[in-house]
Amino acid sequence: MNEELPRPGPLDALTDVAGIRVGHARVPGEGALSGTTVVLAPEGGAVAAVDVRGGGPGTRETDALDPRNLVQRIDAVVLTGGSAYGLDAAAGVMAWLEEQGRGVRVGPDPSQVVPVVPAACLFDLGRGGSWRARPDASTGRAAVEDAAASEPGAQVPEGTVGAGTGAVAGQIKGGVGTASVRLASGTTVAALAVVNAAGSVLDPRTGVLYGEYGMGEPPAHPAPAVHEAARRRLAELRGAREAGGEEQGGGPQEGGVFNTTIAVVATDAALTRPQAQKLAGTAHDGLARAVRPVHLLTDGDTVFALSTGRRPLPPEATAALNEILAAGADALTRAIVKAARAARGVDGPGGTFPSYGELYGAPRRGREPRA
């Protein structure tokens, strides 16, 4: 392993991997608190893989990514709210890709393609007040159009956007976060996470975000008085929900809370499909550092891996691959921390979920209006 410490890319975002673009769209209308995020691969697609864990996954086209199967490259990945209903967002992305002539060629005419659009969903139903306000094909199309309209290497909006609009992490507001690592070899590894965890991102003893413990520097501990005030606030909100017969998901749910953290890890290194699948699997280690507990029966934690293949692996392929695997886990941990820090609180008929910044005094961008 190279002894030089890796550093973030210039944007510290998934778009530090050249050719990758990200777009967000929110479900419109009163009572809506959900949305979709699309990761758009460069022209020609990307090698892709997936690793799905937990007992409650909601996915589409993940079997196509098995290295034993036919599909070699994909053009987009969809991360969406709306639980299984929200997987309809992938249809809008699929239609847009078909119009661009992007997908698996199935006939002599270049327009005869079938885009393969893997997707994963998270549970946010009812958090804005309306159970039926969830992403559909139009939301997916809006998100992929947002991605396509962005400049190469554009910064990625974080926090309460896209698929993170209605996300909740334990008792606090979740959202979208992204981070990157630039290795000494010049290879870039990056992650984008949508944090909607049944477990917590927050150490209840200290108020420190779990993911900060492994980020290379000692975490800044909140003052004891600040932490105690935050604990009281969270206890009050938990008591109010229990008194109202509601779980943290925003409504009565027989069998518990269904939440999920979904993510994409990408690299410009040329990986084979089995190597990409290994990257997706080891990236879950980064998720486990930042969320506790993780991979529960009511989680559907899903990590996609993309390889654009623009940089060949160095001659010492095993050592180089190990660096990429480690960097994928590190980037995903930091992406989860950034998601919690960037989120804005929600206060509405679907529930009150304060942000980490509101509780602990970090910079914040305001609150979501009451729907």
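The values are calculated or read from the model by the stated rules, or taken from the named source; none is laboratory data. Not measured: the values here are computed from a predicted model. Reconstructed Cβ throughout: ideal geometry from the backbone, glycine too, with neighbour counts over all protein chains shown. What goes into the accessible areas is simple: the full protein's heavy atoms, side chains included, and nothing from ligands, DNA or RNA. Shrake-Rupley method; radii C 1.70, N 1.55, O 1.52, S 1.80 Å.
Would you check if Gly153 is part of a loop (DSSP other than H, G, I, E, B) and under 25 Å from Asp299 (Cβ atoms)? Spell out how you get there, then give the answer.
Working: part of a loop (DSSP other than H, G, I, E, B): yes; under 25 Å from Asp299 (Cβ atoms): no.
Criteria not met by Gly153.
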- Spot the failing condition for Leu11; the list is (1) crowded, with 24+ Cβ neighbours inside 10 Å; (2) in a loop (DSSP other than H, G, I, E, B), and only one is missed. (1)
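Looking at Gly82, Gly92, Gly107, Gly58, which one is out of contact with any His (no Cβ under 9 Å at 6 or more places or on another chain), surrounded by fewer than 18 Cβ atoms within 10 Å (Cβ to Cβ) and more than 19 Å from Ser307 (Cα to Cα)? Steps first, please.
Numbers: Gly82 fails: surrounded by fewer than 18 Cβ atoms within 10 Å (Cβ to Cβ); Gly92 fails: surrounded by fewer than 18 Cβ atoms within 10 Å (Cβ to Cβ); Gly58 fails: surrounded by fewer than 18 Cβ atoms within 10 Å (Cβ to Cβ).
Within the list Gly82, Gly92, Gly107, Gly58, the selection yields Gly107.
Quick check, is His295 open to solvent by 40 Å² or more (accessible area, probe 1.4 Å), within 19 Å of the chain's Cα centre (by Cα) and not aliphatic (A, V, I, L, M)?
Details: open to solvent by 40 Å² or more (accessible area, probe 1.4 Å): yes; within 19 Å of the chain's Cα centre (by Cα): yes; not aliphatic (A, V, I, L, M): yes.
Yes; evaluated as a whole, the condition is true for this residue.
So, restricting to strands (runs of 3 or more DSSP E) that lie completely within region 271-371, which ones have at least 1 residues that are in contact with a helix residue (DSSP H, G or I) (Cβ under 9 Å, 6 or more places away or on another chain)?
On the way: elements: 302-311, 346-348, 351-353.
So the answer is 302-311, 351-353.
Conditions (1) at pLDDT below 95; (2) of a type in the set (Phe, Trp, Tyr), marked per residue:
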{"position": "Gly249", "(1), (2)": "yes, no"}
{"position": "Phe258", "(1), (2)": "yes, yes"}
{"position": "Thr267", "(1), (2)": "no, no"}
{"position": "Asp285", "(1), (2)": "no, no"}
{"position": "Val294", "(1), (2)": "yes, no"}
{"position": "Thr302", "(1), (2)": "no, no"}
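Taking region 138-152 as the search range and keeping residues that are at pLDDT 95 or above and open to solvent by 40 Å² or more (accessible area, probe 1.4 Å), which one is farthest from Arg334 (Cα to Cα)? Spell out how you get there, then give the answer.
To start, the set of residues in region 138-152 that are at pLDDT 95 or above comprises 138-150.
If we keep only those that are open to solvent by 40 Å² or more (accessible area, probe 1.4 Å) too, we end up with 138, 141-142, 145-146, 149.
Values: Ser138: 31, Arg141: 29, Ala142: 27, Glu145: 27, Asp146: 24, Ala149: 27 Å.
Filtering first and then ranking leaves Ser138.
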- Checking Val346 against (1) under 30 Å from Gln171 (Cα atoms); (2) open to solvent by 20 Å² or more (accessible area, probe 1.4 Å); (3) modelled with pLDDT under 95; (4) not acidic (Asp, Glu), which single condition isn't satisfied? (2)
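Name the residues in region 153-174 that are at positive phi, in contact with a Ser or Thr (Cβ under 8 Å, 6 or more places away or on another chain) and open to solvent by less than 10 Å² (accessible area, probe 1.4 Å), would you?
As a first pass, look at region 153-174 and keep what is at positive phi: 153, 159, 162, 170.
After this cut, where a residue has to be in contact with a Ser or Thr (Cβ under 8 Å, 6 or more places away or on another chain) as well, the list is 153, 162, 170.
Answer for region 153-174, where residues must be at positive phi, in contact with a Ser or Thr (Cβ under 8 Å, 6 or more places away or on another chain) and open to solvent by less than 10 Å² (accessible area, probe 1.4 Å): Gly162, Gly170.
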